[in-house]
Amino acid sequence: GLGFNIVGGTDQQYISNDSSIYVSRIKKDGAAYLDGRLQEGDKILAINGRDLKDLRHKDAVELFRNAGYNVSLKIQRRLQPQNGPVGHRDDGQSGGLPLAAVLVPGLALAVAAGWILLRYRQRM
């Protein structure tokens, strides 16, 4: 198979008032796992150009089973809930400044202030 399980459909809604098809599990060492692009929680919008909207679960499963060897998926990535600002997602990029961008100038400023203070005391 394709190496993942799906949930959802008009008859088995995974999310209330949403009959979309979602990836529920990526099977270890399966095709989807080895490819690395699909993630659990992704919404699958289409397979091989075929829209998955308003399908029963078993009909969606049948489309995946008969998809063939080369499969094209159109997906919508689901944002993972985080502790932090609304809309933040863990995509490897922080929305703020890196710690070094704050510490390095701060450290340089502290060293300069210390040097000025020492020079001032030597003159007195």
* Portion, in percent, of the accessible area of the range 4-76 that falls on carbon or sulfur, probe 1.4 Å -> 43 percent
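Using the heavy atoms of the protein chains alone and a 1.4 angstrom probe, what is the accessible area of the range 4-76 per residue in square angstrom?
It amounts to 65 Å² per residue over the range 4-76.
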* Separation in nanometres of the label points that stand 7 Å from Cα toward Cβ, at Thr10 and Gln76 -> 1.8 nm
* State the three equivalent ellipsoid semi-axes of the range 36-82, derived from the C-alpha gyration tensor as the square roots of 5 times its eigenvalues, in descending order and whole Å. => 20, 13, 9
* **Potential lengthening between Lys58 and Gln122 on full extension [0.36 nm per residue; Cα-Cα distance subtracted]** => 14.6 nm
* Tell me, what HN-Hα J-couplings in whole Hz come from the Karplus equation 6.51 cos²θ - 1.76 cosθ + 1.60 at θ = phi - 60° for each residue of the range 50-66, using x for Gly and Pro? -> 8, 5, 9, 5, 6, 9, 6, 4, 5, 5, 5, 4, 4, 4, 5, 5, 9
* Structure fact -> The ³J(HN,Hα) series, computed from each phi in the range 16-23 with the Karplus coefficients 6.51, -1.76 and 1.60 at θ = phi - 60°, rounded to the nearest Hz and given as x for glycine or proline, is 3, 6, 9, 9, 5, 9, 10, 7
* Asked: What net charge is computed for the residues neighbouring Gln76, neighbours being all others with C-beta under 9 Å from the C-beta of Gln76, Lys and Arg scored +1, Asp and Glu -1?
  -> +3
* Structure fact -> Relative contact order in percent for the range 4-76 (Cα pairs under 8 Å, 6+ apart) equals 31 percent
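The values are calculated or read from the model by the stated rules, or taken from the named source; none is laboratory data. Quick caveat: nothing in here was measured; it's all calculated off a predicted structure. Glycine gets a Cβ as well: all are built from the backbone with ideal geometry, and neighbour counts include every protein chain shown. When the accessible area is computed, the model is the full protein with side chains, heavy atoms only, and any ligands, DNA or RNA have been set aside. Shrake-Rupley method; radii C 1.70, N 1.55, O 1.52, S 1.80 Å.
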